[in-house]
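Worksheet for the structure shown next.
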Amino acid sequence: KWTHFCVISLRANDLRPMKIHCHPFMLMKINQYTSTPLNILYAEDDLDDRIFFEKVLSEIPIRINHTIIKNGELLMKYLHTTAGPLPDVVFLDLSMPLKTGFECLAEIKDNDKLKTLNVVMLTASFTRGTDLEDILKSTLAGMGAMDYIRKTGDFKQFKAVIQQTLYKIFKKAS
């Protein structure tokens, strides 16, 4: 089965999705787990990280629709007001303005409508050593996060981690 990859994003300060570009040249054979597009919501305030994440997604051979939100406050507003289906996964930056990833995760897991969402926490800013990072991972898991990913500038490594996470979600859903 062959398909196109389409990228979906949000206009700044507007919750209506907007198609920003399609990649018809990226036709790829899709495996049995990808018959339906995976809906991804990504909350990230840093423009460079958003661009990097979109590039990674564009090279992963599964059908994806994704929406990008620029801060935690807009994320929670979007999740509470969206009329469509909830995303299959939320990739959530820990350090965002207005509402942190910790605050968003706690609010998501406290809400009956949202608590079953797959939430993957991401950070680039943790540099205090593996012992403290292990405590952070444990805390996030205890709060209900599905996974924790340290952002890296290494494209191949980051792509492999994101791809592994997405396949995990597909297998869980099937």
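The values are calculated or read from the model by the stated rules, or taken from the named source; none is laboratory data. These numbers come from a predicted model, not from an experiment. Cβ: placed from backbone, ideal geometry, glycine included. Neighbour counts: every protein chain shown. For accessibility, only protein heavy atoms count, side chains too; no ligands or nucleic acids. Shrake-Rupley method; radii C 1.70, N 1.55, O 1.52, S 1.80 Å.
Quick notes
- 5 angstrom amide H check on L122, placed H, neighbours 5+ away: L92, D93, L94, I149
- What the range 38-110 shows is 39 Å² of accessible area per residue, with the surface traced by a 1.4 Å probe over protein heavy atoms.
- Loop-located trypsin sites (Lys or Arg not before Pro) in the range 79-125 (DSSP state not H, G, I, E or B) with no more than 12 neighbouring Cβ atoms inside 10 Å: K113, K115.
- Net charge, L79 excluded, C-beta distance under 9 Å - Lys, Arg +1, Asp, Glu -1: +1
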